[in-house]
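Q: Structure below; questions to follow.
The values are calculated or read from the model by the stated rules, or taken from the named source; none is laboratory data. On a predicted model such as this, the values are computed, not experimentally measured, just so you know. Cβ coordinates were reconstructed from backbone atoms using ideal geometry, including for glycine residues, and neighbour counts include every protein chain displayed.
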C-alpha cells in the first residue's frame with residue numbers, strides 16, 4: 001500500500017480503537033483493558049497486562065502488538081507507560097502452567113495484573129476470556145486488540161515484558177536461541193529441542209515438548 005493510503009488506514013484504525021473505549025466510558029468512566037502474551041509458546045511464562053488509559057488520549061501507532069515491528073513496539077510501550085492512568089503486569093511461570101493448564105494460567109496472570117494495577121476499574125475489556133472470580137463488570141471481545149485501545153495497549157505491554165523476560169532466558173540458555181523465537185515452536189526451536197532436550201523453562205505439559213527426550217546439559221552458558 002502506498003504511504004498516504006497507509007497513513008489514512010492507520011488513522012482510521014486509531015479512531016476506531018479509541019472511539020470504542022470513549023463510548024464505553026460514558027457509562028463506565030474507568031476502563032481497563034486486559035490481554036496476554038505467551039499462551040502458545042513451548043517455553044517461558046505467560047504474561048498478562050492490565051492498562052487504564054485516560055479519556056481523550058491518542059497513541060500514534062497503537063494496534064495489535066503482533067502487527068508492530070519490535071523497535072516501534074518498544075516506542076509505543078514507553079508511550080503507554082508514560083501516559084496511562086495505571087498499568088499492571090501479571091506473570092505465571094512455565095512450572096505453574098504445567099501444574100494447572102495454560103488457560104487457567106492465563107486467567108491467573110490477568111488476575112495478578114489487576115492486583116498490580118493499583119486502582120479498581122469500573123469495567124474490564126478482556127481479549128477473548130472471562131474472569132469469573134473477579135467481581136467487576138466484564139466484556140470479553142474476540143480479537144479485542146483490534147477493537148479496543150485499552151486492550152491493544154495491554155497487548156503491547158504484555159508482549160514487551162514477555163519478550164524482555166525471554167531475552168534474559170536466552171542469556172541463561174543460549175543454545176536454544178530464545179532471543180530469536182521467544183519460545184514459540186519455530187523450526188529452529190524444534191531443532192534445538194531435539195538436540196538438547198527441554199530445559200527448565202520448557203512447558204513439560206505441552207505435547208510437542210513431552211515428545212522430546214530430556215538432556216542433562218540444557219545448553220547452559222558456561
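Q: Of the conditions (1) at pLDDT 95 or above; (2) under 27 Å from residue 14 (Cβ atoms); (3) over 13 Å from the mean Cα position of the chain (by Cα); (4) surrounded by fewer than 24 Cβ atoms within 10 Å (Cβ to Cβ), residue 167 clears all except one; give me its number.
A: (2)
Q: Still on this structure, I have one more. Yes or no: the stretch 163-170 includes at least one residue that is in a helix (DSSP H, G or I), without any contact (Cβ under 8 Å) to a residue 12 or more places away in the chain and touching a helix residue (DSSP H, G or I) at 6+ places or on another chain (Cβ under 7 Å). It would help to see each step written out before you state the result.
A: Our first condition is that a residue be in a helix (DSSP H, G or I); within the stretch 163-170, this holds for 163-170.
Then keep just the ones that are without any contact (Cβ under 8 Å) to a residue 12 or more places away in the chain; that gives 164, 168, 170.
Next, only the ones that are touching a helix residue (DSSP H, G or I) at 6+ places or on another chain (Cβ under 7 Å) stay: 170.
The answer is yes, given that some residue of the stretch 163-170 is in a helix (DSSP H, G or I), without any contact (Cβ under 8 Å) to a residue 12 or more places away in the chain and touching a helix residue (DSSP H, G or I) at 6+ places or on another chain (Cβ under 7 Å).
Q: Can you confirm whether residue 112 is in contact with a helix residue (DSSP H, G or I) (Cβ under 7 Å, 6 or more places away or on another chain), touching a residue at least 60 places away in the same chain (Cβ under 8 Å) and part of a helix (DSSP H, G or I)?
A: Details: in contact with a helix residue (DSSP H, G or I) (Cβ under 7 Å, 6 or more places away or on another chain): no; touching a residue at least 60 places away in the same chain (Cβ under 8 Å): yes; part of a helix (DSSP H, G or I): yes.
No, not satisfied.
Q: Then there is this: Quick one: in the stretch 172-222, which of the residues that are at pLDDT below 90 and under 12 Å from residue 42 (Cβ atoms) is surrounded by the fewest Cβ atoms within 10 Å (Cβ to Cβ)?
A: So in the stretch 172-222, the residues at pLDDT below 90 come out as 210-222.
From the residues that got through so far, the ones that are under 12 Å from residue 42 (Cβ atoms) too are 210-212.
Values: 210: 13, 211: 9, 212: 18.
In this case the residue turns out to be 211.
Q: How many residues does the stretch 115-137 contain that are part of a helix (DSSP H, G or I) and touching a residue at least 40 places away in the same chain (Cβ under 8 Å)?
A: Within the stretch 115-137, the first condition is being part of a helix (DSSP H, G or I), and the residues that meet it are 115-117.
Now restrict to residues that are touching a residue at least 40 places away in the same chain (Cβ under 8 Å): 116-117.
The qualifying residues number 2.
Q: Let me ask something additional. Among the listed residues 75, 23, 95, identify the single one that is under 30 Å from residue 196 (Cα atoms), modelled with pLDDT of 95 or more and either out of contact with any helix residue (DSSP H, G or I) (no Cβ under 6 Å at 6 or more places or on another chain) or assigned to a strand (DSSP E or B) (or both).
A: Details: 75 fails: under 30 Å from residue 196 (Cα atoms); 23 fails: under 30 Å from residue 196 (Cα atoms).
Answer to the selection: 95.
Q: Of all residues in the stretch 145-162, how many are touching a strand residue (DSSP E or B) at 6+ places or on another chain (Cβ under 7 Å) and either under 27 Å from residue 208 (Cβ atoms) or part of a loop (DSSP other than H, G, I, E, B) (or both)?
A: Counting residues in the stretch 145-162 that are touching a strand residue (DSSP E or B) at 6+ places or on another chain (Cβ under 7 Å) and either under 27 Å from residue 208 (Cβ atoms) or part of a loop (DSSP other than H, G, I, E, B) (or both) gives 8.
Q: Determine which single condition residue 140 fails, assuming it passes every other condition in (1) part of a strand (DSSP E or B); (2) surrounded by 15 or more Cβ atoms within 10 Å (Cβ to Cβ).
A: (2)
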